[in-house]
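First the structure, in the form of structure tokens, and then the observations on it.
The values are calculated or read from the model by the stated rules, or taken from the named source; none is laboratory data. All figures in this text were calculated on a predicted structure; none of them were measured in a lab. Every residue, glycine among them, receives a Cβ derived from its backbone with ideal geometry; neighbour counts consider all protein chains shown.
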Amino acid sequence: MSRIIEPFRIKVVEQLRMTTREEREKILRRAHWNLFRIPAEEILIDLLTDSGTGAMSSEQWAAMMRGDESYAGARSWYRFRDRVREITGFRQIIPTHQGRAAERILFTCLGVRDRVVISNTHFDTTRANVEFLGGRAMDIPIPQALVPAEEHPFKGNMDLVALERLLGDPAHDVACVIHTVTNNSGGGQPASLANIGKASELCRSHRVPFYLDACRFAENAYFIKLRERGYADRSVAEIAAEMFSHADGATFSAKKDGLANIGGFLATNDDALATKEEELLILTEGFPTYGGMAGRDLDAISVGLKEVLEEDYLRYRLAATRYLGNKLTELDIPIVRPPGGHAVYVDAGALLPHIAPAELPAQALACAFYLEGGVRGVEIGTLMFGGVDPQTNHERFAPLELLRLAIPRRVYTQTQIDHVIDVAAAVADNKDSLRGLRIVEQARHLRHFSAKLEPL
Ligand SMILES: *Cc1c(COP(=O)(O)O)cnc(C)c1O
């Protein structure tokens, strides 16, 4: 069978509500041109995020009924812990309600104040947690990662020359290095095992902890199987285990490759660190056998972590993203090439050169997609990563102005994705008429979630 099809059938459906362009104009104005402020009911195809928006399998729903809601030592906890240990190889597993809780606990316990955290690219919550705790987040993707049109099999790789220089520089007190797999903010691009291994070696020789931000470890592992020499005949689970074997620990959001709607964990082999982390966990997340989760969440994740490593699923998952990405390329819409694992990133900077970064071209494009066809994407550009740099007090800009179209797992059919392609074509036909936006109200941290904007 050469056609890659959805390896599942639909059992429960959720009604979508159609809106008119006039309605969407009003909705956009009411939302202050911030798509996070639009109620989901007023969205047709929601590509805001792949985080927690996936469809669970019948096996996951069945597992939820087995959820044990005991406060301490629930059966669900032991199933969860054993599954995470089996996949990651880490001894200490700390459950958290989301990935960002794992980040906050990790960075608090490592102590990042006046220190540096290095990543291929920090995800927005990762950067915000480092900065909120008084640390400095530095991104060192390989140079090819910043050239959207360039084809490269492992654009999620870390720049090892820059890493070696930073680790050896006495001016930088490096608290930790965290490799994001796949690199979400850098285009959903994978990192190779060679790169992960060498980054890990460099960290070890400088006695700096090396972590994986493992949210999309299964997608990354499948890319390695497809693209890295020597891995074609290895199972995705084996490849994932090898990725984790290079790390001192990991943070994880189960809303991605956990195939669940909520949850996460922090993992390590450092027993002393784990003891500190558990103290903090109890303070804000919950008892160490549930973190911030219900027993049924733990069970949904345990099953999700098994299903996400099935190769029929991963083959379909990457094919779905590639389909959207390649269709946009055929329409001459610039995207980050090649298409990533969980999302397609439209290069709004290249598509809309008449809108300066300060006027938020990717946000303008996001609003245009909504207006045209009720499609919600998310800006990954200066609205998300700009603002005043807490270290220098200067206005900063994102390296790229991207509109991310994230694909929820096992949710949309190919016809619905074809609608997104039609919308993109219509917006691109009228691109010269699009104008930029101005921020009228913003928060100090993670401003993109709540900012109010207006068209220029
Ligand atoms: C989603 C995500 C996080 C944060 O996880 P939450 O569950 O949303 O808190 C961290 N890193 C990456 C790469 C992510 O995609």
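Residue under question is Ala247, and the condition is that it be among the aliphatic types (A, V, I, L, M), assigned to a helix (DSSP H, G or I), in the same structural domain as Arg100 (by TED's automatic domain parsing) and at pLDDT 95 or above; does it hold? The answer is no for Ala247. What do you reckon, is Thr88 away from the ligand (no atom under 12 Å from the Cβ) and hydroxyl-bearing (Ser, Thr, Tyr)? Yes: the conditions hold for Thr88.
For segment 243-258, the candidate set comprises residues that are of a type in the set (A, V, I, L, M, F, W, C) and within 15 Å of the ligand (Cβ to nearest atom); within that set, the residue that is farthest from Ile301 (Cα to Cα) is Ala247.
Please specify each residue of segment 209-227 satisfying the condition of being of a type outside the set (Ser, Thr, Tyr) and in contact with a Leu (Cβ under 6 Å, 6 or more places away or on another chain). Before the answer, list the steps.
Step one: list which residues in segment 209-227 are of a type outside the set (Ser, Thr, Tyr), which gives 209-210, 212-221, 223-227.
Hits for segment 209-227 are Ala218, Ile224.
As a summary of the residue check, Trp33 satisfies the conditions (1) in contact with a Ser or Thr (Cβ under 8 Å, 6 or more places away or on another chain); (2) among the hydrophobic types (A, V, I, L, M, F, W, C); (3) buried (at least 18 other Cβ atoms within 10 Å of the Cβ) except for the one numbered (1). Is segment 13-21 home to any residue that is surrounded by 10 or more Cβ atoms within 10 Å (Cβ to Cβ) and either within 20 Å of Ala55 (Cα to Cα) or aliphatic (A, V, I, L, M) (or both)? Yes; the residues of segment 13-21 include at least one that is surrounded by 10 or more Cβ atoms within 10 Å (Cβ to Cβ) and either within 20 Å of Ala55 (Cα to Cα) or aliphatic (A, V, I, L, M) (or both).
Looking only at segment 442-456, which residues are of a type outside the set (S, T, N, Q) and outside any strand (DSSP E or B)? Result: Ala443, Arg444, His445, Leu446, Arg447, His448, Phe449, Ala451, Leu456. In the set (1) within 16 Å of the ligand (Cβ to nearest atom); (2) in the same structural domain as Ala406 (by TED's automatic domain parsing); (3) among the aliphatic types (A, V, I, L, M), Ile335 fails one condition alone, (1). Between Gly340, Gly295, Gly291, Gly286, the distinction of being crowded, with 24+ Cβ neighbours inside 10 Å and closer than 24 Å to Trp61 by Cβ belongs to Gly291 only.
With respect to being more than 25 Å from Arg315 (Cβ to Cβ), of a type in the set (D, E, K, R) and more than 21 Å from the chain's Cα centre (by Cα), Arg229 falls outside the description. Scanning segment 44-58 for residues that are over 19 Å from the mean Cα position of the chain (by Cα) and assigned to a loop (DSSP other than H, G, I, E, B), which turns out nearest to Leu28 (Cα to Cα)? My answer is Leu44. Within segment 101-154, which residues are β-branched (Val, Ile, Thr) and within 15 Å of the chain's Cα centre (by Cα)? Scanning segment 101-154 gives Thr121, Thr125, Thr126. Pairing each residue of segment 83-99 that is at positive phi and touching a residue at least 12 places away in the same chain (Cβ under 8 Å) with any residue that is within 16 Å of the ligand (Cβ to nearest atom) and in a helix (DSSP H, G or I), provided the two are 6+ apart or on different chains, yields C-beta distances under 7 Å for Gly89/Phe244.
When Asp82 is tested against (1) among the charged types (D, E, K, R); (2) at pLDDT below 95; (3) more than 12 Å from the ligand (Cβ to nearest atom), only condition (2) is not met. Consider segment 377-413 and keep the residues that are polar (S, T, N, Q) and either in a loop (DSSP other than H, G, I, E, B) or not assigned by TED's automatic domain parsing to the domain that holds Tyr323 (or both). The one that is nearest to Ile45 (Cα to Cα) is Thr413. In segment 253-266, the residues that are closer than 10 Å to Arg409 by Cα and small (Gly, Ala, Ser) form Cβ pairs under 8 Å with partners that are near the ligand (Cβ under 9 Å from one of its atoms) and modelled with pLDDT of 95 or more, at six or more places apart or across chains, as follows: Ala260/Gly52; Ala260/Ala254.
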